[in-house]
Amino acid sequence: MIEVVPGIYQLILPNPTYAALRYVNVYLVRGSNGHLLIDTGWDDEALASLQKQLTKIGIGFEDITQIVVTHSHPDHYGLASRLKQLCGAKLALHYLEIDVIESRYRNESDFLSRLDQWWRVNGVPVTGLTKFREDFQKITRGFISPVLPDTTLHGGETIATGVFNLQVLWTPGHSAGHISLYEPNQKILFTGDHILPNITTNIGVGLLLSQSSNSPLDDYIGSLNQIKQLEVNLVLPGHENRFVGLKKRVEALIQHHKQRTAEVAKTIKTEPKTTYKVATELTWMPEIKGVSWQDLDPWSQKLAIAETAAHLECLRTSGKADKFFRDSVAYYRLLDTVK
């Protein structure tokens, strides 16, 4: 637990899913008549960790009156239902995330069937399908108690605590309804998973990330350019450490995705390939000097396929590649007009 500025605390909770991101940051923002919590962590041992850290600053669950979730992925939303019961707090979430709650968490068997179909269409072999399905169920089952928000956000709202005023920014890309929060007086930006200091945020197409756009990568680049205009002294992300130098980080992320799109285009220059095949030919996690497909764990492989699909769709929507089907499997090829 760290008090990053007077009245705003970073609480660090365990993250059981992704080895590269072992912890989740949630933030306690003091208020004059009840406090606000940004994100919640998983519905697991994170609850005990959260309670312990809150106790250190003299706050009980009953003192939290507002919960704002940046997006509905399990490590940020999973504990929301239990916390609402303990706190009696009002939950706020972007309206586009409601579809994730309804389609992913409330009907898991139907979601898994649709996810299997998406993997098949994008070229995942049968052995991979079994491995991915088992890994997905092992990681997510029991960690989420779905609950709908009391307040739906669209972006542009201000959430007041009586001490701080948080402006809601719709920042799609990592998820369709991802939001960031900006405190203009302190010039602090809470970024959730939109911008992390070291790891590149996963931007993917597919049910796993529950995107509503055909090109979330274009959405993400647009969101980054929007965020870059803000005057920010301190960035508080959903993982890793707080950092400064927002504009430099944004420019680095944009450049990374330009390079990755070019790399993806190169793989389909001479012959059409499935999303899965392209993903297996790329180098992953360049921020830690690169990891081959074979060395990724199953969860990371699933994210890698979704991210590859996002870059392929970006090429397609920009007119640089096309997509066709052969035996119900999707293939991408670079168009001859691209040099």
| field | Simple label model, 7 Å out from Cα along Cβ direction - ASN241 to THR55, nm | value | 2.9
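Can you order the peptides 51-61, 87-97 by their average number of other Cβ atoms within 10 Å per residue, highest first? Could the numbers behind the result be given before it?
On the way: 51-61: 13.8, 87-97: 20.5.
Packing proxy ranking, top to bottom: 87-97, 51-61.
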| query | Taking the alpha-carbon centroid of each part, what is the distance from segment 298-339 to segment 111-168 in angstrom? | reply | 22
| note | Under the 7 Å Cα-to-Cβ spin-label approximation, LYS266 and THR127 lie apart by a distance in nanometres of 2.8
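Under the Kirkwood approximation for Rh and a Cα-based Rg, what ratio Rg/Rh is obtained for the chain? It would help to have the intermediate numbers written out before the result.
Working: Rg = 20.0 Å, Rh = 20.6 Å.
Ratio of gyration radius to Kirkwood radius for the chain: 0.97.
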| message | If I stretch the segment between GLN167 and ILE254 completely, what's the gain in nm (0.36 nm per residue apart, minus their alpha carbon distance), one decimal? | response | 28.9 nm
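In what order, largest first, do PHE190, PHE324 sit by accessible area if the probe radius is 1.4 Å? It would help to have the intermediate numbers written out before the result.
Values: PHE190 0, PHE324 40 Å².
Per-residue accessible area, sorted high to low, gives PHE324, PHE190.
Give me the accessible area per residue for the chain, probe 1.4 Å, as a whole number in Å².
Working: 14090 Å² over 339 residues.
Value returned for the chain: 42 Å² of accessible area per residue.
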| remark: At q = 0.09 1/Å the base-10 log of I(q)/I(0) from the Debye formula over the alpha-carbon atoms of segment 91-228 is -0.33
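Among 192-204, 152-164, 236-248, what's the highest-first ranking by average C-beta atoms within 10 angstrom per residue? Intermediate results must be reported in sequence, preceding the final value.
Details: 192-204: 22.5, 152-164: 15.4, 236-248: 17.8.
The densest-packed peptide leads the list: 192-204, 236-248, 152-164.
Residue separation times 0.36 nm, minus the C-alpha to C-alpha distance between GLU157 and SER292: what's the value?
Values: separation 135, 0.36 × 135 = 48.60 nm, distance 4.27 nm.
Full-extension gain reported as 44.3 nm.
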| field | Extension gain, LYS323 back to SER109 (0.36 nm per residue minus Cα-Cα distance, nm) | value | 74.1 nm
| Hydrodynamic radius of segment 164-244 per Kirkwood, over alpha carbon pairs, in Å | 12.9
| said: Can you pull out the GluC sites (Glu not before Pro) in segment 251-339 whose DSSP state is coil and whose Cβ has at most 10 other Cβ atoms within 10 Å? | reply: none
| Straight-line reach from LYS84: which lysines have a Cα under 18 Å away, not including same-chain ones fewer than 8 places off? | LYS52
| task | Roll a 1.4 angstrom probe over the protein heavy atoms and tell me the percent of accessible area of segment 97-152 that is carbon or sulfur. | result | 49
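What does the convex hull of the alpha-carbon atoms of segment 5-73 project to on average, in nm²? Mind showing how you got there, number by number?
Numbers: hull surface 19.8 nm².
Taking a quarter of the hull surface, the average projection is 4.9 nm².
Given a cut-off of 28 Å, name the pairs among LYS131/LYS277; LYS138/LYS277; LYS56/LYS248; LYS90/LYS138; LYS138/LYS247; LYS228/LYS269 whose C-alpha atoms lie farther apart than that in the structure shown.
On the way: LYS131/LYS277 17 Å; LYS138/LYS277 25 Å; LYS56/LYS248 35 Å; LYS90/LYS138 30 Å; LYS138/LYS247 38 Å; LYS228/LYS269 33 Å.
Over 28 Å apart, Cα to Cα: LYS56/LYS248; LYS90/LYS138; LYS138/LYS247; LYS228/LYS269.
The values are calculated or read from the model by the stated rules, or taken from the named source; none is laboratory data. Note that the structure is predicted; figures quoted are calculated from it, not measured. Note: ideal-geometry Cβ built from the backbone for every residue, glycine included; neighbour counts use all protein chains shown. Heavy atoms of the whole protein, side chains included, go into the accessibility calculation; ligands, DNA and RNA do not. Shrake-Rupley method; radii C 1.70, N 1.55, O 1.52, S 1.80 Å.
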